[in-house]
Amino acid sequence: MHQKNTSIIFLVFLSFLLANGQLNYYYYYSSCPNLQMIVKYGVWAAMKNDTRVAASLLRLHFHDCFVNGCDGSVLLDDTETFKGEKTAGPNINSVRGFEVIDNIKADVERACPSTVSCVDILTLAAREAVVLSGGPNWGVALGRRDGLTANLKAANTNLPSPFDPLEKMISKFTDVGLNLRDVVALSGAHTIGLAQCFTFKHRLFDYKGTGKPDPNLDSSLASSLKTACPNVAKSNTNLNSLDMVSTYMFDNAYYKNLVNNAGLLESDQALMSDPQSASIVKGYSMYPYLFFNDFATSMIKLGNIGVITGLNGEVRKKCGQINH
Ligand code: HEM
Ligand SMILES: *[C@@H]1O[C@H](CO)[C@@H](O)[C@H](O)[C@H]1NC(C)=O
């Protein structure tokens with residue numbers, strides 16, 4: 001009798017959590033108990049085939065959350081009557097990892113049909129990508145619902161560009177409720193993954209009409225990048241490590257690089273040009289656990305931006321399209 005009462009109270013409590021419109025750790029506790037294992041396996045299997053996909057999933061989550069909040073909008077495909085975000089400047093021929101999310105979603109649908117949102121899957125996948133790359137772990141509160149629309153214009157204007165001056169980059173973060181510490185910590189995501197030559201080539205040959213490389217770029221790195229990205233248009237899509245010390249390892253080498261003038265993007269190296277952000281960079285370069293701790297804290301904030309909860313939005317059947 002006592003046992004039964006306890007279970008009823010527990011179930012009432014669970015359904016309250018489901019309906020009250022807040023993210024929580026038990027959202028799929030009874031409706032999809034194996035969710036986290038399924039996502040972890042899916043990210044692991046994809047990384048076994050292509051290590052870079054961890055970086056791609058982390059970036060995909062960031063590009064989702066900065067546009068319309070974390071709502072899975074970045075995952076939506078264009079149709080004849082609907083324009084998604086995939087063709088936005090920062091996304092086109094650049095963001096990747098969609099098939100990984102689609103495959104995990106298919107596995108999750110087999111285990112728990114019409115239960116888990118695509119945006120929760122993407123948020124969990126980004127966390128697993130970091131953990132499986134050697135980075136910090138953190139708990140992901142769940143219950144985000146998939147949005148019914150996307151915003152191409154906001155994708156073009158709200159996402160930071162590698163050509164943005166530091167103040168502009170910072171304002172794009174404060175616009176979504178993140179602070180300078182979040183900017184510096186989250187930029188540490190560039191400890192994994194690759195960038196195309198066109199995103200930093202202007203630093204190599206004739207920086208601001210000087211006929212010389214960017215003075216804030218280490219000269220031996222500049223010469224090796226000139227070889228990787230020759231001064232011809234067809235090199236624009238060649239790929240380079242964002243962190244050449246440990247390309248696929250989630251560690252604090254990115255910050256050590258910045259201290260050594262060896263950041264790849266001008267927007268990365270710019271974190272050293274302001275005394276406040278530079279002192280945070282130096283702290284992370286010396287204390288890896290400080291970086292890990294702050295990165296986890298900032299990722300939780302990132303994953304909470306503009307979420308849709310309760311009965312709003314929907315649980316998509318397929319991540320590339322809204323339900324009919
Ligand atoms: C601070 C402003 C940021 C700027 C200007 C920026 C810019 C870029 C650029 C230009 C690339 C290369 C894209 C390409 O060549 O196709 C890139 C890659 C990447 N970005 Fe950022 N980013 C920023 C912040 C972030 C944040 C906050 C995250 C995640 C938390 C992130 C995660 C990544 C990852 C992991 C990659 C590598 C992706 C891959 O290899 O597929 N970035 N970023
Ligand atoms: C393996 O990775 C390659 C390179 O990204 C990709 O084109 C291919 O679809 C992946 N294969 C599987 C089975 O995921």
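Odds and ends about this structure:
- Applying 1/(1 + (r/R0)^6) with R0 = 30 Å to the Cβ-Cβ distance of residue 317 and residue 297 gives a FRET efficiency near 0.35.
- Neighbours of residue 298 by Cβ distance under 13 Å: Lys/Arg scored +1, Asp/Glu scored -1, total +1.
- Using θ = phi - 60° in the Karplus curve 6.51 cos²θ - 1.76 cosθ + 1.60, the 3J(HN,Hα) couplings for the stretch 120-126 round to 5, 4, 5, 5, 5, 5, 5 Hz; x is entered for Gly and Pro.
- The chain: relative contact order in percent, alpha carbon pairs under 8 Å with at least 6 residues between: 25 percent
- GNM result for the chain, Cα springs below 10 Å: residue of 200, 82, 250 fluctuating most strongly: 82
- Among the protein heavy atoms of the chain, carbon and sulfur supply 57% of the accessible surface, probe 1.4 Å, non-protein parts ignored.
- Karplus 3J(HN,Hα) series, Hz, for the stretch 103-113 with 6.51 cos²θ - 1.76 cosθ + 1.60 (x for Gly, Pro): 5, 5, 4, 4, 5, 5, 4, 5, 7, 8, x
- Taking every protein chain into account, the accessible area of the stretch 166-298 amounts to 46 square angstrom per residue (probe 1.4 Å).
- Summarising the amide proton neighbourhood of residue 142: residues at separation of 5 or more, or on other chains, whose placed amide H is nearer than 5 Å comprise 24, 25, 26, 27.
- Legend: residues 314, 99, 85, sorted from most to least accessible area (1.4 Å probe; ligands, DNA and RNA excluded), read 99, 314, 85.
- Here the Karplus relation 6.51 cos²θ - 1.76 cosθ + 1.60, evaluated at θ = phi - 60°, turns the backbone of the stretch 246-254 into coupling constants of 8, 4, 10, 9, 7, 9, 9, 4, 3 Hz, with x for every Gly and Pro.
- Taking every C-alpha pair closer than 8 Å and separated by at least 6 residues, the mean separation divided by the residue count of the stretch 37-99 gives a relative contact order of 26 percent.
- For residue 194, nonlocal amide neighbours, meaning residues 5 or more places apart or on other chains whose placed amide H falls under 5 Å from its own, are 242.
- Other residues within the sphere of radius under 13 Å centred on the Cβ of residue 214, judged by their own Cβ, net out at +1 (K and R +1, D and E -1).
- Theoretical ellipticity at 222 nm over the chain - DSSP helices of four or more residues, -39500 (n - 2.57) apiece, nearest 500: -14000 deg cm²/dmol
- Listed residue (265, 287, 166) projecting farthest to the positive dipole end of the stretch 166-298, Cβ model: 265
- The stretch 275-324 and the stretch 227-246 have their alpha-carbon centroids 28 Å apart.
- This model, with +1 at the C-beta of Lys and Arg and -1 at the C-beta of Asp and Glu, gives the stretch 166-298 a dipole about its Cα centre of some 360 debye.
- Projected label points at residue 286 and residue 83, each 7 Å from Cα along the beta carbon direction, are separated by 5.0 nanometres.
- Between the Cα long axis of helix 53-65 and the first principal axis of the chain there is an angle of about 70°, rounded to the nearest 10.
The values are calculated or read from the model by the stated rules, or taken from the named source; none is laboratory data. The shown structure was predicted, so the numbers you read here are calculated from the model rather than taken from an experiment. Cβ: placed from backbone, ideal geometry, glycine included. Neighbour counts: every protein chain shown. Ligands, DNA and RNA are stripped out before the accessible areas are found, and what is left, the full protein with its side chains, is counted by its heavy atoms. Shrake-Rupley method; radii C 1.70, N 1.55, O 1.52, S 1.80 Å.
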